[in-house]
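*Asks:* Below is a structure I'd like to ask you about.
The values are calculated or read from the model by the stated rules, or taken from the named source; none is laboratory data. All figures in this text were calculated on a predicted structure; none of them were measured in a lab. Cβ placement follows ideal geometry from the backbone for every residue including glycine, while neighbour counts extend to all protein chains displayed.
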Number of protein chains: 2
Amino acid sequence: MIKTYVCLYQQHATDLPECIDLATNNCYDAVAIPIVNTLFYRELAAQPIKSRHAVFSRSDLILKSTDWLHKVISVLSDNIDCDSPDEEVRRHSEATLIQEMSFAEHLVQHGHMMVRIKSGRTVNFARLISRSIKGTVLAAVPMVDPNYMKQVWRSDCAEDDVEGSAEDTWTWWNKFRTAADFNTKIKLVLELSEDLPSKESLRRWLGEPVECIIVPSHMFVRNKNNYPVLSKAHQEILSKFIGNNTHFIVKASREDGSLRHYAEYIKHLVEKFKVVDPMQGFDDLLEIPLQPLIDDLDSYTYEVFEKDPTKYKFYQDAIELALVDRVPDSKISNKPVIIMVVGAGRGPLVRAALNASANTGRKIKVYIIEKNPNAVVTLTSLVEELWSDKDVQIISCDMRDFTPPEKADILVSELLGSFGDNELSPECLDGAQKHLKPDGISIPCRSTSYVNPVMSSKIYNLVRQVVVDRCTNPREKMHSYSTQAENNYVVYLKNVYHIAEPQALFEFNHPNKDKVIDNSRYKTLTFEVTQDCVLHGFAGYFDTILYKDIVLSTHPQMHSKSLVSWFSMFFPITEPQQLKAGDMLEVNFWRCLSSQKVWYEWSTSHPHMSHVHNHNGRACPIYK
Amino acid sequence: MIKTYVCLYQQHATDLPECIDLATNNCYDAVAIPIVNTLFYRELAAQPIKSRHAVFSRSDLILKSTDWLHKVISVLSDNIDCDSPDEEVRRHSEATLIQEMSFAEHLVQHGHMMVRIKSGRTVNFARLISRSIKGTVLAAVPMVDPNYMKQVWRSDCAEDDVEGSAEDTWTWWNKFRTAADFNTKIKLVLELSEDLPSKESLRRWLGEPVECIIVPSHMFVRNKNNYPVLSKAHQEILSKFIGNNTHFIVKASREDGSLRHYAEYIKHLVEKFKVVDPMQGFDDLLEIPLQPLIDDLDSYTYEVFEKDPTKYKFYQDAIELALVDRVPDSKISNKPVIIMVVGAGRGPLVRAALNASANTGRKIKVYIIEKNPNAVVTLTSLVEELWSDKDVQIISCDMRDFTPPEKADILVSELLGSFGDNELSPECLDGAQKHLKPDGISIPCRSTSYVNPVMSSKIYNLVRQVVVDRCTNPREKMHSYSTQAENNYVVYLKNVYHIAEPQALFEFNHPNKDKVIDNSRYKTLTFEVTQDCVLHGFAGYFDTILYKDIVLSTHPQMHSKSLVSWFSMFFPITEPQQLKAGDMLEVNFWRCLSSQKVWYEWSTSHPHMSHVHNHNGRACPIYK
């Protein structure tokens, strides 16, 4: 994990080494200072840019290059307007910006520079900034625009007036980064202010690539011991960003007597609110979903899944309930209940069944069906070493093909992927259910997938990167850009804004008692958009009823505690869509089938119409 | 040129060979008939699609495969609704569609099938159709929806009602093809009706890939000789499509006594309205703009340009005017007027200058400056063989570098590309103008570029194809899809809808008397969208004032007669944008410079925000 840094922002600094000393002595890790030294005279005469030559900043020799890299954020002048309708102002601003960016990169190639976004009119500014960034550009925006807040809360303004006359600052950022084509080297810096963002607005900021929070010194209040602290409300806001590994910049004058207290206080908050996440390190990484039907899992993967503290406990509970229902206390006998574990892997469900049998006092006979010959080796040694006194029998074959000597009372399986049916549990269980007695029980007995629309420029960029990587690899046949960006991924979603709550999509029941079994699906869902945002794709989840009220769920609002086996699914859309508050987002999802494969397709039909993604399974088929 | 075909559409046909005979005997080239023979019984029971097996159509053996290919359009059943909210209807419709498409492709792999679009709710229909088209799918839409027309003209409906309750049929088509991702194998068929489309709406249809027009027999009226003809208004509509090489389908009953007359009449119209276009064959083809500064032109290219019947005549006129202004009749003497032809190529401007001299009786001395050593060979032989008695001198070097023995009265050049300055005339002439006397004349003296937004799914698809072709070519380094789709092209625009009139963009004056010469430009233009449409990119044009009122123009409304040297420029946008009537489309264009190159960038900022195309010249730099 990257250490959180706290940086001291000085709006005037003539002596940089001295400024760094001041910061270091007061517990700061770095300084942010204007690149233009106000002591130097700068001339931007009406000459071609090429021939301009002016001493307007410090010499690069005053610091070692590693200090330029690690200890300095170069703040570019903010008294420019590259989008001014006045051509002279515009050209002068462009020249200033290019000169300062070029000098900042001369000082340190891969360092940090910071600019300020002051309005929603930044097309040209964004274009110039994003032209060729070597390091990182921090784009600073107030978290809440005081003017906007005033207008929103002023009852004497008509609602229309407000919309026309003020944009919220997220819109400034969104226009800037859209014009900059979601450039990954541009990171967001939010400046804290007295006005508090709404909960919704805060949630949206948390879905953005926020690198730093600027805390101006006047935000601090004195506690009863006369130490500078932040208000509860502001602490709560910071706590959310700390969970996302955001850094901090304190903006204070060098004469401020509390410099050290500010830094220490922020570091204290970071310690206090740091969340220890067992999944740390997996945040927002893209993984290709497993296809256990055609790819035999390896030992490491089995091991990871077997470690889930919740999943097998729930299975055991479900089997216990089912056993008791099957054999009431009054009818306990020596006749065993037939349990088939289909897709047994290295045996965790067999273990759960045997435990359930012991706990309930019901005698069982377990058929262990597994198609992966490597896992069968493990199962065989388990039978020999641990279960030699149990009534268990290994059958090494695909559950869709085997012919058992008798029918089962209980069919137990764990074929569910991050999206429920995406490891083809419906197809497998439809094949296996012929071995279940007419009144037999399937565990699980139902699975439901859920989706919701999300904004995440981080994930959008990861998907784009995959596409670029693939394209430069000549071994991969490339149909077109769009087919490549249409893979669905398994992701531990973190730097994401959930545009609306998840809704149920596809449901499958086991055993499936339909006259004609058809596992294809098509559903259209409508989501209400509550605030302006950008659609980058859809997150997918599932829940499954194992038996009666025993449910495993990855649905964000109903997530089973400590369940770590499944991350979310992510369905990207090729081109980001700008959405407005009040839009009714209409989304289509299909589950399609052919003789060899199963696949999902998805599209939007309102307010923007997209093409059908993964059409005909061209990007990510699931092989049967 | 492909021969226009006229096809006979029979809504009921039991005997196909006999039907083809009937058509052939009556002057038709092909027949369109339902794929489902109504005489056969069809069963679509509630069985999985795989196991369904029904005899519902004709045997493939009744025709030779070449006849299936060239003489039959298979019309699919239109009593289905693949987007029905009723799941049973939907599943039944899907099964019917898949069965019929599969059978149509069994009959002939690369043939034509026709479907009917009946509403704007076709996401699933479009998805299924576009899944794997081998031949061509004709999508039939009424040119004007009678219901829509009724509502538009009914004064008792509030305007809002109309919008909510009826879409025009272009919207049906647009939703369908957008969901089908602008699939090139889906072509549009328009059915003529009594209601006439508005002029604007007709212009929009003409920008679509219209393959055929259906003319129902009841559209014909009797002329004074009792022959069936179409009304003047309908003839005028057809005349426009004939210019775009559209085919025809006559829908008539086999008992209709006028079958032959219909076919003959349509063929007569095709002959009558066919436009002989000298540029035939170049329609909508993408060409990479020439870069004559770094690539020496070849002899063929020079020859093509020299053949322009208008351009050099205009130049000669301009030089004559300039000569007369320079030397009034009263001051004619033996002192020659110094003319420099910069970038002389194989000499057409020298010829124009010498003609102008002869016509006006003004003595001239011509310096011929040309950097291409191959063209200098031609020039040298011209001097020896034709101009040996003229005062001409060849200087073989770049106009930006040479040092002439004296200054010029008139500087003549033809460095203009399709977008005016895109062959770097500003940079070249700025370099050459130091050799012009302070009161000297530059021909041309001003150039202005123009752009307008256009819809053209044909050109959009050609651009996409270039991108796909490049991606599969491992020799080309691929940054990402978007950079590849950002080339600008030279195109003879034909199958295009002009969303709004062109507006002036960049202007350059010669000689350039600015104190500081800066040829970079940035301009934002706003276009009003008059009807719903799709933005695929921008067309570029230019005009140039050679001298006084002598103007060469490729601006569509002011195009110089017979001027063929320049096609339009096309600036694509990576992702099509759906626009609505009333939208104010805001477009940004930049002309950028660095020490080695010049390039354009472009983006939209309203109502949809795009990234900046060709950012930093990544796709199509123009080298100095």
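*Asks:* Could you tell me which residue of the range A:306-317 is farthest from the chain's Cα centre (by Cα), considering only residues that are assigned to a loop (DSSP other than H, G, I, E, B) and surrounded by 14 or more Cβ atoms within 10 Å (Cβ to Cβ)?
*Replies:* This residue is A:THR310.
*Asks:* All but one of (1) acidic (Asp, Glu); (2) in a loop (DSSP other than H, G, I, E, B); (3) modelled with pLDDT under 95 hold for A:ASP160; state the number of the condition that does not hold.
*Replies:* For A:ASP160, the failing item is (2).
Residue-wise test of (1) crowded, with 24+ Cβ neighbours inside 10 Å; (2) assigned to a loop (DSSP other than H, G, I, E, B); (3) touching a residue at least 60 places away in the same chain (Cβ under 8 Å).
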{"residue": "B:ASN422", "(1), (2), (3)": "yes, no, yes"}
{"residue": "B:CYS428", "(1), (2), (3)": "no, no, yes"}
{"residue": "B:ALA432", "(1), (2), (3)": "yes, no, yes"}
{"residue": "B:PRO438", "(1), (2), (3)": "no, no, no"}
{"residue": "B:SER447", "(1), (2), (3)": "yes, no, yes"}
{"residue": "B:ASN452", "(1), (2), (3)": "no, no, yes"}
{"residue": "B:LYS458", "(1), (2), (3)": "no, no, yes"}
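*Asks:* Consider A:ILE213 carefully, then state whether it is modelled with pLDDT of 95 or more, crowded, with 20+ Cβ neighbours inside 10 Å, in a helix (DSSP H, G or I) and among the β-branched types (Val, Ile, Thr).
*Replies:* Answer is no for this residue.
*Asks:* Output the residues belonging to the range A:169-207 that are outside any helix (DSSP H, G or I), of a type outside the set (Gly, Ala, Ser) and over 20 Å from A:ALA32 (Cβ atoms).
*Replies:* Within the range A:169-207, A:ASP181, A:PHE182, A:ASN183, A:THR184, A:GLU194, A:ASP195, A:LEU196, A:PRO197 qualify.
*Asks:* Which of the residues that make up the range B:486-544 are closer than 25 Å to A:SER93 by Cα and charged (D, E, K, R)?
*Replies:* Of everything in the range B:486-544, those that are closer than 25 Å to A:SER93 by Cα and charged (D, E, K, R) turn out to be B:GLU507, B:LYS513, B:ASP514, B:LYS515, B:ASP518, B:ARG521, B:LYS523.
*Asks:* Among the residues of the range B:53-61, are any among the charged types (D, E, K, R), surrounded by 18 or more Cβ atoms within 10 Å (Cβ to Cβ) and modelled with pLDDT of 90 or more?
*Replies:* no
*Asks:* Could you go through the range B:493-502 and let me know if any residue there is within 14 Å of chain A (Cβ to nearest Cβ) and in contact with a strand residue (DSSP E or B) (Cβ under 8 Å, 6 or more places away or on another chain).
*Replies:* No, every residue in the range B:493-502 fails to be within 14 Å of chain A (Cβ to nearest Cβ) and in contact with a strand residue (DSSP E or B) (Cβ under 8 Å, 6 or more places away or on another chain).
*Asks:* Taking the stated definitions as given, is B:ASP532 closer than 27 Å to B:SER201 by Cα and within 20 Å of the chain's Cα centre (by Cα)?
*Replies:* Yes; evaluated as a whole, the condition is true for this residue.
*Asks:* Let me ask something else. Restricting to the range A:396-420, name every residue that is within 21 Å of A:ILE319 (Cβ to Cβ), charged (D, E, K, R), part of a loop (DSSP other than H, G, I, E, B) and more than 32 Å from the chain's Cα centre (by Cα).
*Replies:* Answer for the range A:396-420, where residues must be within 21 Å of A:ILE319 (Cβ to Cβ), charged (D, E, K, R), part of a loop (DSSP other than H, G, I, E, B) and more than 32 Å from the chain's Cα centre (by Cα): A:GLU406, A:LYS407.
*Asks:* Shifting gears a bit: Residues in the range B:423-442: is at least one more than 16 Å from B:TYR315 (Cα to Cα) and in contact with a Phe, Trp or Tyr (Cβ under 6 Å, 6 or more places away or on another chain)?
*Replies:* Yes, the range B:423-442 contains a residue that is more than 16 Å from B:TYR315 (Cα to Cα) and in contact with a Phe, Trp or Tyr (Cβ under 6 Å, 6 or more places away or on another chain).
*Asks:* Anything in the range A:594-604 that is crowded, with 21+ Cβ neighbours inside 10 Å and either in a loop (DSSP other than H, G, I, E, B) or within 9 Å of another protein chain (Cβ to nearest Cβ) (or both)? List them, or say none.
*Replies:* A:GLU601, A:SER603
*Asks:* The conditions are (1) free of Cβ contacts under 8 Å to residues at least 12 places away in the same chain; (2) within 18 Å of the chain's Cα centre (by Cα), and B:GLY257 fails exactly one of them. Which is it?
*Replies:* (2)
*Asks:* Restricting attention to the range A:529-558, and to residues there that are in a loop (DSSP other than H, G, I, E, B) and buried (at least 17 other Cβ atoms within 10 Å of the Cβ), which single residue is nearest to the other protein chains (Cβ to nearest Cβ)?
*Replies:* The residue in question is A:ASP532.
*Asks:* Looking at the range B:369-392, is at least one residue crowded, with 18+ Cβ neighbours inside 10 Å and among the small types (Gly, Ala, Ser)?
*Replies:* The answer is yes, given that some residue of the range B:369-392 is crowded, with 18+ Cβ neighbours inside 10 Å and among the small types (Gly, Ala, Ser).
*Asks:* Determine whether the range B:510-528 contains at least one residue that is hydrophobic (A, V, I, L, M, F, W, C), closer than 24 Å to B:GLY431 by Cβ and not in a strand (DSSP E or B).
*Replies:* yes
*Asks:* Could you tell me which residue of the range A:605-623 is surrounded by the most Cβ atoms within 10 Å (Cβ to Cβ), considering only residues that are under 14 Å from A:PRO289 (Cα atoms) and out of contact with any Ser or Thr (no Cβ under 8 Å at 6 or more places or on another chain)?
*Replies:* Step by step, filter the range A:605-623, then rank; the result is A:ILE622.
*Asks:* Does the range A:503-522 hold any residues that are surrounded by fewer than 17 Cβ atoms within 10 Å (Cβ to Cβ) and within 14 Å of another protein chain (Cβ to nearest Cβ), and which are they?
*Replies:* A:GLU507, A:ASN512, A:ASP514, A:LYS515, A:VAL516, A:ILE517, A:ASP518, A:SER520
Conditions tested, residue by residue: (1) in a loop (DSSP other than H, G, I, E, B); (2) touching a Gly at 6+ places or on another chain (Cβ under 8 Å).
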site: B:PRO292; (1), (2): yes, yes
site: B:ASP295; (1), (2): yes, no
site: B:VAL304; (1), (2): no, no
site: B:VAL324; (1), (2): no, no
site: B:ARG351; (1), (2): no, no
site: B:ASP389; (1), (2): yes, no
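*Asks:* Kindly check whether there is at least one residue in the range A:563-582 that is over 21 Å from A:ARG204 (Cα atoms), surrounded by fewer than 15 Cβ atoms within 10 Å (Cβ to Cβ) and at pLDDT below 95.
*Replies:* Within the range A:563-582, none of the residues are over 21 Å from A:ARG204 (Cα atoms), surrounded by fewer than 15 Cβ atoms within 10 Å (Cβ to Cβ) and at pLDDT below 95.
*Asks:* May I pose another question? Please state which one of A:MET558, A:MET569 is touching a Ser or Thr at 6+ places or on another chain (Cβ under 9 Å) and under 15 Å from A:ASN452 (Cα atoms).
*Replies:* Going through A:MET558, A:MET569 in turn, the sole match is A:MET569.
*Asks:* Oh, and also: Considering every residue within the range A:180-187, establish whether at least one is more than 14 Å from chain B (Cβ to nearest Cβ) and not small (Gly, Ala, Ser).
*Replies:* yes
*Asks:* Still on this model: Checking A:PRO278 against (1) more than 30 Å from A:PHE220 (Cβ to Cβ); (2) assigned to a helix (DSSP H, G or I), only one condition comes out false. Which one?
*Replies:* The single condition A:PRO278 does not satisfy is (2).
*Asks:* Would you say A:MET569 is away from every other protein chain (no Cβ under 14 Å), within 17 Å of the chain's Cα centre (by Cα) and under 30 Å from B:ASP181 (Cβ atoms)?
*Replies:* yes
*Asks:* Right, here's the next one. Within the range A:572-593, track down each residue that is within 12 Å of chain B (Cβ to nearest Cβ) and either at positive phi or acidic (Asp, Glu) (or both).
*Replies:* Of everything in the range A:572-593, those that are within 12 Å of chain B (Cβ to nearest Cβ) and either at positive phi or acidic (Asp, Glu) (or both) turn out to be A:GLU575, A:GLU586.
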